[in-house]
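Student: Have a look at this one.
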Amino acid sequence: MRIVKSALTYWALIFALGFVLGTVRVLWGAEALGERNFLLLEIPVMLAASWLAARWLIARFAIAQAGEALAIGLLAFLLLMAAEVTLASTLGEGAAQWIAGLLKPPGLYGFAAQLAFALMPWLAFHKTHRSRAADRAALP
């Protein structure tokens, strides 16, 4: 249950930020900077937020194994894909059209970032545990 709770929390945090940034992109950013340019500004913000959220989750939910961290990221990714296709369908874009959009730029850039989002808890787990191991090794 801890993994599911962690994944839901991770997904909700990042989806909420992505929803806000996506709304800004669609309503103002794409017009001002162009879709691709705004997306290239949005992706680093999303990845930084994913990193911070993943590190927080590892500590908050006491994730003790790399497999747990990977499961959190994969479950959050599945939730993200389900939410994205639901949102696209609600806005009048079919699932097949949405998937096709992921396979070419700029959708491909976003999809690559979503894959990184999926791996972020696993990467944060390894960074956290390597740092702790180094701290313990440095103790006299």
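Readers should treat all values here as calculations from the given coordinates under stated rules, not as data from a laboratory. Values in this document were obtained by computation on a predicted structure and should not be read as measured data. Neighbour counts are summed over all protein chains in view; Cβ atoms, including those assigned to glycine, are modelled from backbone coordinates with ideal geometry.
Student: Go through the range 30-54 and give me each residue that's closer than 20 Å to Lys104 by Cα and buried (at least 18 other Cβ atoms within 10 Å of the Cβ).
Tutor: Listed by number, the residues that qualify are Phe38, Leu39, Glu42, Ile43, Met46.
Student: Give the residue, chosen from Leu78, Leu57, Leu39, Leu47, that is in a helix (DSSP H, G or I) and either without any contact (Cβ under 8 Å) to a residue 24 or more places away in the chain or in contact with a strand residue (DSSP E or B) (Cβ under 9 Å, 6 or more places away or on another chain) (or both).
Tutor: Leu78
Student: Going through Gly110, Gly101 one at a time, which residue ends up being among the small types (Gly, Ala, Ser), in a helix (DSSP H, G or I) and more than 24 Å from Ala7 (Cα to Cα)?
Tutor: Only one candidate passes the filter, namely Gly101.
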